[in-house]
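The structure appears below as structure tokens.
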Amino acid sequence: MTIELPDARGRLRTHEPRTEPLAVTAGAPFTSRTVFSAAHVVADPYADTTPDSPAAVDWDATLAFRRHLWSHGLGVAEAMDTAQRGMGLDWAGAAELIRRSAAEAKAVGGRIACGVGTDQITEGTLAEVRAAYEEQLALVEESGAQAILMASRALAAAARSPEDYLEVYGHLLRQSAEPVILHWLGPMFDPALEGYWGSSDLDAATETFLEVIAAHPDKVDGIKVSLLDAQREVALRRRLPQGVRCYTGDDFHYPELIAGDEEGFSHALLGVFDPLGPLAARAVRALDTGDTAGFRGLLDPTVELSRHLFQAPTRFYKTGVVFLAWLAGHQDHFAMVGGLQSARSLPHLARAYELADGLGLFPDPKLAEDRMRTLLHLYGVTP
């Protein structure tokens, strides 16, 4: 049986759904790479909310998805951009998410790292930005999770020079109890972060970023780079102090960056590993055995889907991630905190379904097909 899907020009095209998913199995953590999936949150579809009200989260479904990721050996990067930080999930919701997920990780033996930001304020002085960071860092460390120091909209607005970034990050690193992951999120993910590290010139910004790391190498476990520029990431990776890891956040070039070259490789902290989790785990296990060709053979075909999900405006990629989670049966509805399910068009979602189905990502292809048909009917699409 076939299904008719709308394209960007409003025409219907025929797709023949798969009947069997890709074979994947659960397993232990990996040996060759450290791999985190940034995980989405599941909204409570029955909550009486508006886009401006505090997020209402379905905690059971949200934590069940994290157990799914852990079961395949992936770490969970919690309360990050993928969880709609600053795009539907406020600090109160993120704090509760961190507490619950960290407790769940402890209960099942899963690896977790959590985002530390300043989203309890929208603007402020450098002292107020530091205080906001400190509040969140304390909560994450008290939960027992590793901290990820996220880029801050408030710091981007308050900072007047690279020295302001050096002062704020130096202050935080000196007081962190354990090594953290530093996160450089590019403006394609959040326009408010334009000019981060004190300059819109990426070469100059890179020097400031490296200066922060060089001053505190014992407090930096690694860096997560989300600039969608593979050459820049490799160049930055080669300049890191010994023992500081590079976690790729490049959802366009991740197979080549994780595979690496003769001078090194990137670990991974990726939003696209939310929908790709089981397949990504199978690929990294091939890499664990030294089978780089097998790794690339599994992961290279996923790049078309990832580039589709993360196409401009990139910050709306979360809509496609949650949509695929619904089709895959990880949640019973396609609703998002902040009403963000409306952020992508029907043709965009239809193409995401087509690509994901072609990869065998849906554990129950018939369920995914039925749910896609339901969405098409809601939009008034008839063959």
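Points worth noting:
- The residue 123 and residue 92 beta-carbon pair, evaluated with R₀ = 22 Å, returns a calculated FRET efficiency of approximately 0.75.
- Geometric descriptor of the range 134-283, per residue, is 119 Å³ (volume of the convex hull of the Cα atoms).
- Maximal additional length on extending the residue 12-residue 135 stretch stands at 39.1 nm, based on 0.36 nm per residue less the C-alpha distance.
- The convex hull of the Cα atoms of the range 262-333, projected and averaged over all directions, covers 5.8 nm².
- For residue 316, the solvent-accessible surface with a 1.4 Å probe is about 40 Å², rounded to the nearest 10.
- For the range 198-327, the square roots of the Cα gyration tensor eigenvalues, ordered a ≥ b ≥ c, give a/c of at least 1.5 with a/b no greater than b/c, which places it in the oblate category.
- Around residue 299: net Lys/Arg minus Asp/Glu count, Cβ-Cβ under 11 Å: 0
- Reported to the nearest whole Å, the Cα centre-to-centre distance from the range 167-214 to the range 47-96 is 24.
- Accessible surface of the range 70-207, 1.4 Å probe, proportion on carbon and sulfur as whole %: 51 percent
- Both the radius of gyration and Dmax for the chain are 20.2, 62 Å, in that order, over alpha-carbon atoms.
- Note on the range 341-383: percent of Cα-Cα distances in each 10 Å bin, starting at 0 and stopping at the bin with the largest distance, equals 27, 56, 17.
- Estimated vicinal HN-Hα couplings, Hz - the range 308-319 in sequence order (Karplus 6.51, -1.76, 1.60; Gly, Pro = x): 5, 4, 9, 5, 4, x, 4, 4, 8, 4, 4, 4
- Accessible-area ranking of 374, 319, largest first, probe 1.4 Å: 374, 319
- D by Stokes-Einstein for the range 1-100, Kirkwood Rh over Cα pairs, 37 °C, 0.692 mPa s: 199 µm²/s.
- Per residue, the chain exposes 40 Å² of accessible surface when a 1.4 Å probe is rolled over the protein heavy atoms with every protein chain present.
- Modelled this way, with points 7 Å down the Cα-to-C-beta line, the labels at residue 167 and residue 192 are 2.2 nm from one another.
- Label-to-label distance, nm, for residues given as residue 291 and residue 22 (7 Å Cα→Cβ offset): 1.4 nm
- Calculated FRET value between residue 4 and residue 311, using beta carbons and R₀ = 22 Å, to 0.05: 0.45
The values are calculated or read from the model by the stated rules, or taken from the named source; none is laboratory data. Just so it is clear, the model here is predicted, and its values are computed rather than measured. Every residue, glycine among them, receives a Cβ derived from its backbone with ideal geometry; neighbour counts consider all protein chains shown. Ligands, DNA and RNA are stripped out before the accessible areas are found, and what is left, the full protein with its side chains, is counted by its heavy atoms. Shrake-Rupley method; radii C 1.70, N 1.55, O 1.52, S 1.80 Å.
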